[in-house]
1. Read through the list (1) more than 24 Å from S408 (Cβ to Cβ); (2) not in a helix (DSSP H, G or I), then give the number of the only condition that L22 fails.
2. Can you find a residue in the stretch 323-330 that is modelled with pLDDT of 80 or more, under 23 Å from I94 (Cα atoms), touching a helix residue (DSSP H, G or I) at 6+ places or on another chain (Cβ under 8 Å) and open to solvent by less than 10 Å² (accessible area, probe 1.4 Å)?
3. Where in the stretch 41-139 are the helices (runs of 4 or more DSSP H), entirely inside, with at least 1 residues that are over 21 Å from the mean Cα position of the chain (by Cα)?
4. If the requirement is being open to solvent by less than 10 Å² (accessible area, probe 1.4 Å), polar (S, T, N, Q) and farther than 30 Å from N429 by Cα, which of these qualifies: T23, T117?
5. Quick one: which of S156, S185 is hydroxyl-bearing (S, T, Y), over 26 Å from the mean Cα position of the chain (by Cα) and in a helix (DSSP H, G or I)?
Amino acid sequence: MKLIETIKSIWKIEELKNRILLTLGLLLVYRFGAQVVLPGIDASQLGNLNDQAKDGLLGLLNAFTGGAFSNASVFALGIMPYISASIVVQLMGIAIPYLQKLQKEGESGRKKINQITRWLTIGITLVQGPGYIYNLFNTLPETAFAMGNSFAFIASSVIIITTGCIFAMWLGERITDKGIGNGISLLIMVGIIATLPQYYIQNFISRVSGEEGGGLIMILLEIVIWFAVILASILLVMAVRQVPVQYARRTADGGYEKNMFGSRQYIPLKLNASGVMPIIFAQAIMFVPAAVAGLSNTETAQGITAEFQNIFGFWYNLVFALLIIVFTYFYTAITVPTNKMADDLKRSGGFVAGYKPGTETGDYLDKIMSQITLPGSVFLAIIAVFPAVAVKLLGVQQGWALFFGGTSLLIMVGVAIDTVQQVNSYLLNRHYDGLMKTGNKRKAVA
């Protein structure tokens, strides 16, 4: 088979083989760390914590950490503090001139921004760590703590959790630099995949036993819908709008000859140029309202907390969808430099028919990006809130519903496609057929 032959070809490339093995090894280390319980906690008495992390917002956080949250693990917070720090740094880059300057300095600026993000990650973890320990005291029985609620236990646990987050961040960066790329995203994806079989089995047993009703027919319907959502997610990630570009010879006075040469080429502008980042960013923000409202005991604050802890509720999903649309525009504006694309075209003698090279072409490309980003962001938001629809209309168990679109499925699909493309580029560069027969082609949409 073609796929088997391609996989065999991977092992003929020493560099690619080493990168894949390194990536798998580091992911294994991360999954092992998710099972290591904090010192001083009885692992046999974590039942209440497991029940707490089954559903709702904490259930989603537990899925992101691959079960580390419910295991009271050294990786209990996973990589989420790093994601939060990245969001803060990118948002501050809009208003702080120093960060704007760093963004324009290329590789050296990127390294400084990464360093700022790392230090901010430590700060966020030092704030979230005590909150996690406080939750353990409220959830687990007193007998679960060998040292009680002593200062020594709290301080050591916060330090260990912070160290675990830093180590997870280091693992992600090593995968990005020395592995096959997308390190942080791969850590999140592996954590999500680790919880998928458990949630599916729970839903299957519930359907077969009659607790939820429907039996095997509903299970079959759920699987069909699940694959349909996966297909829709793939189309969203892969779809592009092709902008035709023509080329002309430059004249001595800097103009262009009228006669064109060469075949017409295209600029592929992705319908969803920001990938899964808007989902990750919006999800990180959605933890904030419940956390802030939880600091107050007023009736209004308790109502807000209840609404934003119910990830299948109306208000939660409405705000979540709006944040996704906003972050899609924000991240697209950062990652798609239409002015630079127009300048590159101008220098190479390319132009879009009907538009002058340079600023006018840049404005046209920016207009196209704005037009296709709107439906792309709305489609992304619809898929993101589809788990709520699955729970309300199909009666799917909440844990399994997290994979009916939503953050979990989109991250899995997006990261999987990016990873395959990374491997594919290595193969194509060495004259092997890629994992995808179409190579770097993208499915275009009108």
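The values are calculated or read from the model by the stated rules, or taken from the named source; none is laboratory data. The shown structure was predicted, so the numbers you read here are calculated from the model rather than taken from an experiment. Ideal geometry is used to build each Cβ from the backbone, glycine not excepted, and the neighbour counts take in all protein chains shown. Side chains are part of the model used for accessible areas, which takes the heavy atoms of the whole protein and leaves out ligands, DNA and RNA. Shrake-Rupley method; radii C 1.70, N 1.55, O 1.52, S 1.80 Å.
1. Result: L22 fails condition (2) only.
2. yes
3. Here the list reads 47-52, 80-95, 97-103, 107-139.
4. None of the other options fit; the residue is T117.
5. The unique qualifying residue is S156.
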